[in-house]
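Step one of this worksheet: look at the structure below.
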Amino acid sequence: MTNTTRTLFFALAALTLPALSGCSQNEDDLAAFVAETLKKPGKPIPPIPQLKPYVPFSYSAFDARDPFSVPEYVEEKVDNGIRPDSNRSKEPLEAFPLDGMGMMGIIQRNNRPEALVSAPDGTIHTVVVGNYLGQNFGKITSIQETKIDLIEILPDGNGGWMEQPATITMKDSGTQGKKP
C-alpha cells in the first residue's frame, strides 16, 4: 500500500468509529420502554366463536314439474273469429309503430273527413276511415277533429287474436299514439 491509500484508510476508520459507537449509547430509553411494557398486564384474548352445526338441506321437489319444460296442461285455443287479413297488401303507414305517428290536422273532401298523419320518417299522409295504421294491424274506425280512433289486432298469448282500441291524437298535444 502506498502512503496516500494508507492515510486515506486511517482517516475513514477514524471517522466511522465514532458513528458506530453512537448507535449503542441510547439503548437505555429502549430498554426502559420494553421493561415498562412487559410489566403491564396483557389484554384477554376473546374466545373462539362457536360454529353453528351443519344442517343438511333436504330437497323435496323431485316430483314437482321442471320449471324449464313446457307445462303439461295447455289452454285450448278459442277461435273467436278475430284474425288479421293476411291476403290484403300492406299500406305505407303499417311500417311504423303507432306511437311514432301523430295527427297533424283534418280536412273535409266530398263531405268525408280525411286526417293528416305524420310518419316517423317526416312524411305526411292522408288517411280515411278503413285505412290501416301501425304494426299491429290497426284499422281506422273514426276520424274526429282532435283524434283518430282505431282497432288493433294483437296476439292474445294463447295462439289466438284479440282486438284492442287505440287512439292517435293531435301532434301538438303530445299524446299521439296512446292507447286508452
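The values are calculated or read from the model by the stated rules, or taken from the named source; none is laboratory data. Only a predicted model underlies this, so the values are computations on that prediction, with no experimental measurement involved. Here Cβ is always computed from backbone atoms with ideal geometry, including for glycine, and neighbour counts include all displayed protein chains.
List of remarks:
- Among the conditions (1) part of a loop (DSSP other than H, G, I, E, B); (2) at pLDDT 90 or above, the only one that Ile148 does not satisfy is (1).
Residue-by-condition table, conditions (1) of a type outside the set (Lys, Arg); (2) under 22 Å from Leu154 (Cα atoms); (3) surrounded by 16 or more Cβ atoms within 10 Å (Cβ to Cβ):
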| site | (1), (2), (3) |
| --- | --- |
| Phe57 | yes, no, no |
| Arg65 | no, no, no |
| Arg88 | no, yes, no |
| Phe96 | yes, yes, yes |
| Val129 | yes, yes, yes |
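- Lone unmet requirement of (1) modelled with pLDDT of 95 or more; (2) surrounded by 14 or more Cβ atoms within 10 Å (Cβ to Cβ) for Met170: (1)
- Qualifying residue in region 98-108 (condition: under 14 Å from Ile151 (Cα atoms), not in a strand (DSSP E or B) and not acidic (Asp, Glu)): yes
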